[in-house]
1. Just to be sure I understand the curve: with the Debye formula and one point per C-alpha of segment B:10-185, what is log10 I(q)/I(0) at q = 0.09, 0.13, 0.14 Å⁻¹?
2. Give the share of C-alpha pairs in each 10 angstrom bin for segment B:9-71, from 0 to the last occupied bin, in whole percents, shortest bins first.
3. Considering all projection directions equally, how large on average is the shadow of the alpha-carbon convex hull of chain B, in square nanometres?
4. What FRET efficiency, computed as 1/(1 + (r/R0)^6) with R0 = 56 Å and r the Cβ-Cβ distance, is obtained for residue B:227 and residue B:178, rounded to the nearest 0.05?
5. Which listed residue (B:226, B:196, B:128) has the Cα farthest towards the positive end of the charge dipole for chain B, taking +1 on Lys and Arg C-beta and -1 on Asp and Glu C-beta about the Cα centre?
6. Which whole-number percent gives the relative contact order of chain B, counting Cα pairs below 8 Å spaced six or more residues apart?
7. For segment A:228-316, what is the convex hull volume of its Cα atoms per residue in Å³?
8. From the backbone phi of segment B:120-132, what are the Karplus-calculated ³J(HN,Hα) couplings (6.51 cos²θ - 1.76 cosθ + 1.60, θ = phi - 60°) in whole Hz, Gly and Pro given as x?
Amino acid sequence: MINLTGETTSHLTRLSKDDSRVIGYRLIRILLLLMVLPYASETHAAKPTAEPPIRIGLTPVFLDDQANFVNDWRDYLGRHLERSVVFVQRGSYREIVDMLREGKLDFAWLCGYPYVRNKQHFRLVAVPLYQGEPLYRSYLIVPSSDKQTRSLADLRWKIFAFSDPDSNSGHLYTEYLLAKQEESPSSFFSRTFFTWSHRKVVEAVASGLAQGGSVDGYVWDTLALSHPELTSQTRIVNKSPQFGHPPFVTNTATAKRDIAAMQRVLLHMAHDTDGLRLLKNLNLDGFVLGENRLFDGIEEMAKFVGNRKNDAPQRP
Amino acid sequence: MMRLKDLSLKDLSLKYKVPLRVAVLVIVTAIVLTATLIYRGIDDLRYNLIVNADKMGRVIANTLVEPMLHDDVWRSFEIINTPFRVSGLQTPDQEAGYILILNGSNNVYASTKPDRFPMLKDPATIDTRYTELLKALPDFQSTLTAIVELDKPDDLFLLIPIQTEQMRIGTLVMSYPKSPFTSRFYRLAKDAVLITLLVLAVLLPVSIYWGKKMAAPLLQLSDAMSNITPSLQEPGVIMLEESNDEIGRLGKSFKSMIAELKEKEDLQHQVIASDRLAAIGRLAAGIAHEINNPLGGMLNSISTYKRHGTQDPFTLKTFSILERGLIQIKETVAALLVEAKARSHPFERNDVEDICTLINADVRSKHVSFTHENDIIDTQALPSTLVRQVIINLLLNAIRETQEYGHVHLHIYRDRGNLVIDVSNNGSYIPPDKVAYLFEPFTTLNDSGSGSGLGLWVIYQITLQMGGLITVQSEPDETRFIVQLPLQDDRR
């Protein structure tokens, strides 16, 4: 288990440091305000846009296709950060990862797999709490019409759907299981394809296009609440051990003050009604600061798969 | 009697033939129209379906190029699935059964029915029709759409090449079930049957009415024709609708034919009657002459004997009886042999008044009311003796033949060179079949035996000799004798 109390204490000390800084900024701001007094009202109104917006990259580690909810959440964050917030959504994890590395994003909600691969560039901000823990699983699903399949081994020569090549639950875990048997997806399955979203893996398996799929367990559970007619067309064959839940990360260039503000707002969500409502929609219990140890399991699997890939002769 | 087997279709009444023909016409028209409309409707539906499907297929095929080049099965699947996600908005007639993407080697790349057409399978192993279907694939370089209807026509297939840079990377197969065609066919056929029944419901009563209307005059005509034989009817009795169409003209011709026949028949009767009268006249004159010669001798002998013979009372009595008998014979013969040569003064107004005075006794004894109109002012160029005899005979006849307390009327007037004597009474109807014998001697209408039986014979003979004309008009409540005598001065 993770020592949450220790993290929280250090966070609190950091906060107090930041507070003194904020006070300093405020003094300067008051001086500036006095200088531009005739235009005070306009400047004040323009204040939120004066600073560049916080850019947060989103990936389909949650149900990111609910435009209304995403807008509500953006407004909530903007209100509490006292900054305008921009959400950036892209077709794949890789694009978000690249944007964050290049500094085109300040934060991103990523999968644990790309996080561990870019550990030297990224910093952990917060980890969601799912069913009271910052953990989740990967599900192996098949169409509900398939009554025979008992394990991954039964899916040899079948058509298999992955969500994203950079997803842990939707790709790496299955790849790791196969690698342990000295197999790879291309050798084990007759055909594989990526749907670029966990939800669409469920759809692909439900429609029968794929005979099996790897999906984020948290996303599947959340879909089962909102769209039971979709998940009921699939059957969970296997649940993986627990891994660290896809975390909020930032790059090394982001100002500590912004990181702290973001951490404060995310952690505070569980303590006000608007935040609780949003969390309920996300099917999450809240956010914690989390620690890197959570993602050790993913890192091990990534290393194992990576080594095997390097050992194996490259496919043309 | 008409046996059942003789009752063939052509023997049917027009009342049934006309509605039957109308029904047959309506049904034939409806069948021809319906067949044309159904053919057009289904052809249009097929054309629209192919045009729309081709347009949609080309859009889909173009969109598929990139995901297929990137081997993105999921996006390809999502693209071909799009039409099915909004299928609720589409008209069910034009919904594709399923869409299939075949890769370069004609195996399934993706399909909207993954259960039936799983990825990577050869479609010919799933549905044998694909062996034949794939033969219809357009040429490798062609961008044309191939439209395939297989022999067992359940489905219509559109094969659209997925091409990039003149290179085919796959084929889009769109399958359309034909059930919409059959359902459209049944819908159209059902509507047509309903409308036909509706039209028949309106037209049949109308045609039944027409049939009756057409049959009625023909039936009347045929009834009238079958009634010709015993005796000709008066043309006015035949009730036929007057019109200028064929049936109306037939009726008119029939009426005029009846009228002509009737005229001919009347003329024939007149000729027969006058021939007979002439023969009787000749016979009577011949007999009269033959009787008159010995009669004159006998009467002379009796007169001579009375003057110069013995005055034996018994003989005288006998001769006197003989003489009276012979005189009666002479009178009778004289009456038969009407002589129009008697010379007398011209007929004048006073002659009529005299006659009225003369017949007064008879008028009173029969309690008849007698009226007369005398339109004669001056003297007429006619011998008064003969005219008076005619008038007296006519009046006596009329008084005798009318009923008790009856009425007799005399009217004398001039009319275009004729003296017209018009005597009418009420009652004493003369049936038409007796008119022909009316003027023969010793003809009586009733069996009472009153009268000499020579009154009308004398009138006829006098009128005939004076070149006149007698007309008899007899109706149940009035009988009228009109004698027209041409004035001798005017004739010359």
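1. -0.40, -0.67, -0.76
2. All Cα pairs, binned at 10 Å, distribute as 18, 20, 17, 14, 11, 9, 7, 4, 1 percent.
3. The Cα convex hull of chain B, projected and averaged over all directions, gives 50.8 nm².
4. Computed FRET efficiency for residue B:227 and residue B:178 comes out at 0.20.
5. Result: B:128.
6. Reported as a whole number, the value is 10 percent.
7. 198 Å³
8. 6, 7, 7, x, 5, 7, 8, 10, 4, 5, 5, 4, 6
Read-outs: derived from the displayed coordinates by stated rules, not from any lab. Since we're looking at a predicted model, the values are computed, not measured. Quick reminder, even Gly has a Cβ in these numbers, built from the backbone with ideal geometry, and neighbours come from all protein chains shown.
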